[in-house]
Amino acid sequence: MNYIYDVLLNFNNIPYDIFEWNKEDKIFHIRKIPLVKLSTKDLSNLVNKKVKIDEEFLIKIYRRTKLYNKKVIDYAFLGTDGKMVIAFKIEHNKIKYSQLFLDEEMEVIDFSSNLNISNIKYQIINDKKIDYLQTRNQQYMKKFIYNQLKKIKDIDKLNFLYLECFNKKSNNVLNDIYYELDHNFENVYIKIYKVLKMTLIKR
């Protein structure tokens, strides 16, 4: 088993870029973590699809990731295809991911150049719907908007929202709001988010 030492990881449902890490995130200071070289296809599948990793591999990495605070992570490893590096943490068949700082990633890629590709067995359960073109903040706003729209039962509030955001009235307001979000998200989500926040403050 190959190991990488002294890296910072931030496990989330999506492997956020370093500039999207938040101060509220739980950062793990890793003292030692297994490294596995994968094919580009396998690395992509492990990140972009919902998968179940074979038990045989999990046994190999069990409690081999150690932190500087003397704690351990039961199932974690770094995966690289020689072009990028993603950290994986598996808990109850749910996988969380982390990117690395650029200098740490480059060191791992350099180290992995002499490694052979390993064959991790896994089962693809289904595809994951992840929009990597949206930033973490945009994804938060989108989730907030949809959650708040589900809660609004008052048609007058919806009409107010639509009028404030689009400066016109609607005969089918909820459908029109969802249409704008589905087809014109980049241009309208900030407007809708701000108005929703304003109406929440007024309550």
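The values are calculated or read from the model by the stated rules, or taken from the named source; none is laboratory data. No experiment lies behind these values; they were computed from the predicted model shown. Neighbour counts run over all protein chains shown; Cβ positions are idealised from the backbone, glycine included.
Values computed for the structure shown
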| item | result |
| --- | --- |
| Which listed residue is within 20 Å of Ile120 (Cβ to Cβ), in contact with a helix residue (DSSP H, G or I) (Cβ under 9 Å, 6 or more places away or on another chain) and surrounded by fewer than 20 Cβ atoms within 10 Å (Cβ to Cβ), from Ile90, Ile4, Ile14, Ile59 | Ile90 |
| Checking Lys96 against (1) assigned to a strand (DSSP E or B); (2) of a type in the set (D, E, K, R); (3) surrounded by fewer than 17 Cβ atoms within 10 Å (Cβ to Cβ), the condition it does not meet | (3) |
| Residue list for region 182-194, filter: buried (at least 16 other Cβ atoms within 10 Å of the Cβ), among the hydrophobic types (A, V, I, L, M, F, W, C) and out of contact with any Cys (no Cβ under 6 Å at 6 or more places or on another chain) | Phe185, Val188 |
| Matching entry among Ile109, Ile95 (being in contact with a Lys or Arg (Cβ under 8 Å, 6 or more places away or on another chain), in the same structural domain as Lys32 (by TED's automatic domain parsing) and under 16 Å from Tyr3 (Cα atoms)) | Ile109 |
| Residue match in region 153-166 (condition: outside the structural domain of Lys49 (by TED's automatic domain parsing), surrounded by 11 or more Cβ atoms within 10 Å (Cβ to Cβ), farther than 30 Å from Lys49 by Cβ and among the acidic types (Asp, Glu)) | yes |
| Segments classed as strands (runs of 3 or more DSSP E), wholly inside region 12-83, with at least 3 members that are charged (D, E, K, R) and in contact with a strand residue (DSSP E or B) (Cβ under 7 Å, 6 or more places away or on another chain) | 28-37, 49-53 |
